[in-house]
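Report on the structure given below.
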Amino acid sequence: MTPPSLPRQAPSPDERSGAPTPEDRKHVVRRRWITAIIILLLVGVPAGYLAVSAQQSRQSGRDKAAKVGAAKVRTGWPSKVQRSIYEVPIPVKASRVGYLETNNWHTSRLYVQFGVTPEELDTFLAEVGTSREDLTRGVSISPSDTAFAGWRWGSKGSWYGITLDAPDPRPTRDITVDLSHPGYPKVFVVSTAVP
């Protein structure tokens with residue numbers, strides 16, 4: 001009986017014939033291009049993402065700083081949450097809406113201004129729990145709040161106001177209405193909440 005044949009082993013390095021064949025130029029260039037593309041993808045894409053992310057973060061920080069650092073009423077609508085917390089129901093069709101919010105350890109304030117029609121004024125006053133008949137002649141907003149908001153009460157204005165006190169944590173609202181142009185009243189509100 002003949003012994004089973006064993007599988008042939010690979011030749012030892014000493015038995016290999018000749019030196020390894022050099023890589024041709026085409027393969028060298030291709031390998032280097034592939035390596036360069038991989039490095040670019042591994043380094044360039046994350047670096048680009050970081051640059052875009054940093055720019056967005058910086059811009060977001062500037063926007064927040066502009067809102068926080070604002071010292072005068074600016075054009076725009078306060079959010080629904082702000083309007084709800086401070087109990088300032090701005091009519092949907094109000095024009096020239098502007099606001100400013102300030103917060104500290106003791107009090108938070110929302111300064112709001114807007115223009116309305118006479119009907120919208122009546123609706124607004126009813127929603128806050130008052131009416132035109134309850135308004136008294138003069139400005140109800142304090143001089144310090146007036147200065148902070150950047151408002152000016154001219155002597156030619158026809159100013160009427162009211163202060164609506166409420167128990168904490170509900171806000172106290174100082175409302176001043178300019179009726180110089182009866183067909184287009186302007187409303188100014190300072191709502192103060194004590195946390």
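Would a scan of segment 131-150 turn up a residue that is surrounded by fewer than 16 Cβ atoms within 10 Å (Cβ to Cβ) and aromatic (Phe, Trp, Tyr)?
First pass over segment 131-150, keeping only residues surrounded by fewer than 16 Cβ atoms within 10 Å (Cβ to Cβ): 131-134, 136-138, 142-144, 147, 150.
Now narrow it down to the ones that are aromatic (Phe, Trp, Tyr): none.
No, segment 131-150 contains no residue that is surrounded by fewer than 16 Cβ atoms within 10 Å (Cβ to Cβ) and aromatic (Phe, Trp, Tyr).
Considering segment 170-187 alone, what residues qualify as being farther than 19 Å from GLU133 by Cβ, in contact with a helix residue (DSSP H, G or I) (Cβ under 9 Å, 6 or more places away or on another chain) and of a type outside the set (Gly, Ala, Ser)?
PRO171, TYR184
Restricting attention to segment 123-138, which residues are more than 11 Å from VAL187 (Cα to Cα) and over 29 Å from the mean Cα position of the chain (by Cα)?
Taking segment 123-138 first, the residues more than 11 Å from VAL187 (Cα to Cα) are 123, 126-138.
Answer for segment 123-138, where residues must be more than 11 Å from VAL187 (Cα to Cα) and over 29 Å from the mean Cα position of the chain (by Cα): THR123, ALA126, GLY129, THR130, SER131, ARG132, GLU133, ASP134, LEU135, THR136, ARG137, GLY138.
Would you pick out the residues in segment 133-147 that are outside any loop (DSSP other than H, G, I, E, B) and not small (Gly, Ala, Ser)?
Listed by number, the residues that qualify are GLU133, ASP134, THR136, ARG137, PRO143, ASP145, THR146.
Would segment 151-169 turn up any residue that is out of contact with any helix residue (DSSP H, G or I) (no Cβ under 6 Å at 6 or more places or on another chain), open to solvent by less than 10 Å² (accessible area, probe 1.4 Å) and among the hydrophobic types (A, V, I, L, M, F, W, C)? Show your work before the answer.
Taking segment 151-169 first, the residues out of contact with any helix residue (DSSP H, G or I) (no Cβ under 6 Å at 6 or more places or on another chain) are 151-161, 163-169.
Still in the running and open to solvent by less than 10 Å² (accessible area, probe 1.4 Å): 161.
Checking the rest, the ones that are also among the hydrophobic types (A, V, I, L, M, F, W, C) come to none.
Within segment 151-169, not a single residue is out of contact with any helix residue (DSSP H, G or I) (no Cβ under 6 Å at 6 or more places or on another chain), open to solvent by less than 10 Å² (accessible area, probe 1.4 Å) and among the hydrophobic types (A, V, I, L, M, F, W, C).
How many of the residues in segment 44-93 are at pLDDT 90 or above and of a type outside the set (Gly, Ala, Ser)?
Just the residues of segment 44-93 that are at pLDDT 90 or above, to begin with: 73-93.
When the remaining residues are screened for being of a type outside the set (Gly, Ala, Ser), the result is 73-75, 77-78, 80-83, 85-93.
Residues meeting the conditions: 18.
Taking segment 111-129, which residues are open to solvent by 10 Å² or more (accessible area, probe 1.4 Å) and outside any helix (DSSP H, G or I)?
GLN113, THR117, VAL128, GLY129
Given the condition open to solvent by 20 Å² or more (accessible area, probe 1.4 Å), of a type in the set (Val, Ile, Thr) and within 20 Å of PRO78 (Cβ to Cβ), answer yes or no: does some residue in segment 170-185 qualify?
yes
The values are calculated or read from the model by the stated rules, or taken from the named source; none is laboratory data. Quick caveat, the model's predicted, so the values are computed rather than measured. Don't worry about glycine lacking a Cβ; one is built from the backbone with ideal geometry, like all the others, and counts go over all protein chains shown. Calculation scope for accessible area: heavy atoms of the full protein, side chains included, ligands and nucleic acids excluded. Shrake-Rupley method; radii C 1.70, N 1.55, O 1.52, S 1.80 Å.
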